[in-house]
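Read the figures in this text as sums done on the coordinates, not as results from a lab. On a predicted model such as this, the values are computed, not experimentally measured, just so you know.
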Amino acid sequence: MKRTGLFILSIVLLFAACSGSNIYVDKAKKAIISRNGNPLQKVVVDGGGTEVTFMVSDNTKDNSVIYFNRHNPGFMVSEGFGLNKDYVLKLKPHTRYTVSCYAADKDQSPIMINFRTDYNANIMDDGDN
């Protein structure tokens, strides 16, 4: 009986750990933020005709946030073939974006978040008008 209870508790904890997203897009801060404060390892932002990849260059708490429209120290960024440490991703108005967050460099199943921007390039949820 104890083993069955322990097994059920383990399954419940596993589902709780895997449910929900570990990242979110903060409208006010214009940023992708890690809920648990862990550094973001690899984040791909696709939209507006570009695909931009942020790769962590060190594992500090500062790398738990990626800001739009400003420099993100601690990340190497690629748009196309070149790497750029001083890249600034500027959101475009009236554009849909997909953010794919990978737990590790070779992770095959990312956490994905969709959002769009309004006429001033402010972040809106897909359900906002």
Quick one: which residues, 5 or more positions from residue 40 or on another chain, have an amide H under 5 Å from its amide H? H modelled 1.01 Å from N in the peptide plane, none for Pro or chain starts.
64, 65
Search the structure for amide H atoms under 5 Å from the amide H of residue 121, placed 1.01 Å from N in the peptide plane, and list their residues when 5 or more places away or on another chain.
94
Using the Karplus curve 6.51 cos²θ - 1.76 cosθ + 1.60 with θ = phi - 60°, work out ³J(HN,Hα) for each residue of region 62-77 in order, rounded to whole Hz, and write x for Gly and Pro.
4, 8, 8, 9, 10, 8, 8, 6, 7, 5, 10, x, x, 10, 9, 10
Starting from the Cα-Cα distance between residue 121 and residue 84, subtract it from 0.36 nm times their residue separation and give me the gain in nm to one decimal.
11.0 nm
